[in-house]
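> A single structure is presented below for examination.
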Amino acid sequence: MFLYHVYELNHAAIAPLRAAADVGQLVFRNPYNPLSYTGVGKTLAAAFDVFSSTTRRYGKPKFGLARTRIHGQPVDITETIVWRNTFCQLKRFKRDEDTLRALGRLSAKRSDPKVLIVAPMSGHYATLLRGTVEAMLPEHDVYITDWRDARLVPVTEGRFDLDSFIDYVMAMIRHLGPGTHVIAVCQPGPGVLAAASLMAEARDPATPASLVIMGSPIDARKSPTEPNILAESRPFEWFEKNMIMRVPFPHPGAFRKVYPGFVQLSSFISMNRDRHVDAHYQYYKHLVGGDGDSVQKHREFYDEYLAVMDLAAEFYLDTIDKVFQRHLLPKGEFIHRNQRVKPSALKTTALMTVEGEKDDISGIGQTQAAHELCVNIPASKQVDYIQPGVGHYGVFNGTRWRTEIQPRVRDFIRSNLNG
């Protein structure tokens, strides 16, 4: 398919118009231009802004979490890379230990639990979970999977499929060591549950102390949503033929087969087209009216939402096939490198599932299904929570996450520190 090439050519063709729009913004926002104070000037500046923001390509955002607050006191944060492989790096948000000692949070040995947040590998960057990380920082030693854009990985670096994803998760958990608590947000749920199950069966000492699975398609047959229905309504060959493209030159990953981020983004937007159109219309009105706070909120959301990455074709197709079409994990038929995955092997790992009442990506029951599979985890170590009034994004970000969900996750982790 040449759609990727068409996308690149279209982006290049619009570049001069986008540059002209950027100049127009400068002209009609210049305080020395009398027109900038008129309704016509403000309208033109807003129109140029909207055109530029909806046609430009958004790069990988930064987490930008320079500090957190503990007991009301600021604590500096340093982002460090503690583990790296071809398609992922493990990022740690290291809190300043001198400040923590001064606050009495540390003795000779760190006391806050290690938490590995496994970010979705579904088109957006790990920074989509900035709010998730931010809420966990005051009381946890936080790490996150920073998945790499497949467009940037040369074909000589090899393949990356669902088996590779599970291998990566196990390797990162082992790197962090015993006592690690794992939070899987959305897409990683099946892979993370598989990784923990394999580690438990092998009696690996690094088997997670707890698993928190949020808004995830553990069993996509339950309460099917529009994406679930689409995945089952088309044969596997349709996805292989229509969704997979080769990265064009001159990207480092030229000729690699990928599921392009812009295709995934188009799918996301099409599900809520009217809401996105209205959001940009309101953005235009706020620009004209000079409502700076609303303008900034819009920019912060869409700077993140419109930043997308490509997925390795093997990983995408494996996920479609094994998770959304054949439902291998809930059927007990999931095989990882010739070994059957048995969630029943989990006995000491605590399990918490979190769902959103209005989730239109992973319907009610899809994440809860993990409890049905993990039959040997004691009931005292299992928690199932449904958050009223939130959709998919609200499960891990926003006010309800900070005030209602995260405190429950924190308490769950604290009550299972010893695995």
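> Using the Cα atoms as the points, what is the convex hull volume per residue of the range 235-289 in Å³?
98 Å³
> Over the C-alpha atoms of the range 185-259, what are the Rg and the largest Cα-to-Cα span, Dmax, in Å?
17.4, 46
> In the chain, what % of DSSP beta bridges are antiparallel (nearest 5)?
Details: 25 of 49 bridges.
Close to 50 percent.
> With labels modelled as points extended 7 Å from the Cα through the Cβ direction, what inter-label distance (nm, one decimal) is found for Arg326 paired with Glu237?
Here the modelled spin labels are 1.7 nm apart.
> Continuing with this model, one more query. Once Lys and Arg get +1 and Asp and Glu get -1 on their Cβ, which of Ser267, Ser344, Ser294 lies farthest toward the positive end of the dipole of the chain?
Looking along the dipole axis, the top candidate is Ser344.
> Any chance you could give the angle, 0 to 90 degrees and rounded to 10, that helix 39-55 forms with the longest Cα principal axis of the chain?
The helix 39-55 is inclined about 40 degrees to the chain.
> Here's a follow-up. Under the 0.36 nm per residue contour assumption, what length would be gained going from the current alpha-carbon distance of Arg414 and Arg159 to full extension? Walk me through the numbers on the way to the answer.
On the way: separation 255, 0.36 × 255 = 91.80 nm, distance 3.81 nm.
Length difference between fully extended and current span is 88.0 nm.
> Next question. For the range 1-81, rounded, prolate or oblate, judged on the Cα gyration tensor with a ≥ b ≥ c (square roots of eigenvalues), a/c < 1.5 rounded, else prolate if a/b > b/c?
Oblate shape, in that a/c is at least 1.5 and b/c is the bigger or equal ratio.
> Another question, then. To the nearest 0.05, how large is the calculated FRET efficiency for Asn338 and Ile81 if R₀ is 45 Å and r is the Cβ-Cβ distance?
On the way: r = 32 Å, r/R0 = 0.71.
In this case the efficiency is close to 0.90.
> Give me the extension gain from Tyr32 to Arg203: residue separation times 0.36 nm, minus the current Cα-Cα distance, reported in nm with one decimal.
Numbers: separation 171, 0.36 × 171 = 61.56 nm, distance 7.10 nm.
That pair, Tyr32 and Arg203, stretches by 54.5 nm at full extension.
> If you don't mind, another one. Which entry in (i) 1.11; (ii) 1.04; (iii) 0.96 matches Cα Rg over 2.2 N^0.38 Å derived from the coordinates of this structure?
Read-out taken from this structure: (ii).
> Looking only at Cα atoms, what is the convex hull volume of the range 263-381 per residue, in Å³?
Values: hull volume 19.3 nm³, N = 119.
Value for the range 263-381: 162 Å³ per residue.
> Kirkwood hydrodynamic radius, computed over distinct alpha-carbon pairs, for the range 197-332: how many Å, to one decimal?
On the way: mean 1/r = 0.0543 Å⁻¹.
Taking every pair of different Cα atoms in the range 197-332, averaging 1/r and inverting gives 18.4 Å.
> Shifting gears a bit: If a/c stays under 1.5 just call it rounded; otherwise compare a/b with b/c (prolate if a/b is bigger, oblate if not). Do that for the range 111-218, with a ≥ b ≥ c from the square roots of the Cα gyration tensor eigenvalues.
On the way: a/c = 1.68, a/b = 1.18, b/c = 1.42.
Since a/c reaches 1.5 but b/c is at least a/b, the shape of the range 111-218 is classed as oblate.
> Could you sort the peptides 174-186, 288-300 by per-residue average Cβ neighbour count (10 Å cutoff), highest mean leading? Show your work: numbers first, answer last.
Details: 174-186: 21.4, 288-300: 13.3.
Packing order, densest peptide first, comes out as 174-186, 288-300.
> Over what distance in Å are the Cα centres of the range 165-189 and the range 235-253 separated?
For the range 165-189 versus the range 235-253, the Cα centre distance is 28 Å.
> Moving on to the next point. Using alpha carbons only, how many angstrom separate the centre of the range 4-21 from the centre of the range 28-61?
19 Å
> Normalised radius of gyration for the range 1-136, please: alpha carbon Rg relative to 2.2 N^0.38 Å, two decimal places. Don't jump to the answer; show the numbers that get you there.
Working: Rg = 22.6 Å, N = 136, 2.2 N^0.38 = 14.2 Å.
Compactness ratio reported: 1.59.
> How much FRET efficiency would the formula 1/(1 + (r/R0)^6) give for Asp22 and Ala171, where r is the Cβ-Cβ distance and R0 is 35 Å, rounded to 0.05? Walk me through the numbers on the way to the answer.
Values: r = 44 Å, r/R0 = 1.25.
Rounded to the nearest 0.05, the efficiency is 0.20.
> Can you give the relative contact order of the range 89-239 as a percent, counting alpha carbon pairs under 8 Å and 6+ residues apart? It would help to have the intermediate numbers written out before the result.
On the way: 188 pairs, mean separation 36.5, N = 151.
Once normalised by length, the contact order is 24 percent.
> How much FRET efficiency would the formula 1/(1 + (r/R0)^6) give for Lys60 and Leu103, where r is the Cβ-Cβ distance and R0 is 56 Å, rounded to 0.05?
Details: r = 33 Å, r/R0 = 0.59.
Given R0 = 56 Å and the Cβ-Cβ separation, E is 0.95.
> Still on this structure, please answer the following. Using the alpha carbons of the range 357-412, what is the convex hull volume per residue in cubic angstrom, as a whole number? Mind dumping the intermediate values first?
Numbers: hull volume 4.2 nm³, N = 56.
Measuring per residue, one finds 75 Å³ for the Cα hull of the range 357-412.
Values in this text are rule-based calculations from the coordinates and carry no lab data. The structure displayed is predicted, hence computed values, not measured ones. All Cβ positions, even for glycine, are placed from backbone atoms using ideal geometry, and neighbour counts span all protein chains on display.
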